[in-house]
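S.K.: Okay, handing you the structure first.
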Amino acid sequence: MLHGLAGSAAILVLLVAAAPTRTAQLAYFLAFAAGTMLGMLLVSFSLAGLVRLASGRGARWATVLHLGSATVSVVVGVLLAARVAGEL
């Protein structure tokens, strides 16, 4: 729930609420959903391509890339949690 509230889903709710008709609301929702899926797909493919390229150069590079991305993910998560906790 926190993930959706902290992200751009709040903007989607405002856009859908401001749409003049049900058709426009559905169009906004579908465009947002398709854009979100496409964006996640492109990011996933680009990261997978980097890992594949790194693994071709040796297992050490792939390990460094995996650990680096995991560390960055955890740091960003902790920073966001601290920011949200500070706003409560």
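The values are calculated or read from the model by the stated rules, or taken from the named source; none is laboratory data. Source: prediction; values computed, not measured. Backbone-built Cβ (ideal geometry, glycine too); neighbour counts: all protein chains shown.
S.K.: If I ask for residues that are modelled with pLDDT of 85 or more and among the hydrophobic types (A, V, I, L, M, F, W, C), which ones from region 65-83 would you list?
M.R.: Correct list: 67, 70, 72, 74, 75, 76, 78, 79, 80, 81, 82.
S.K.: Under 6 Å by Cβ, and 6 or more places apart or on different chains, what pairs join a residue from region 1-23 that is more than 14 Å from residue 77 (Cα to Cα) with one that is at pLDDT 80 or above?
M.R.: 12/32; 15/28; 16/25; 16/28; 16/29; 19/25; 19/28
S.K.: Oh, and also: Six or more apart or on different chains, Cβ under 6 Å: which pairs go from a residue in region 41-59 that's more than 13 Å from residue 69 (Cα to Cα) to one that's at pLDDT 85 or above? Could you list them?
M.R.: none
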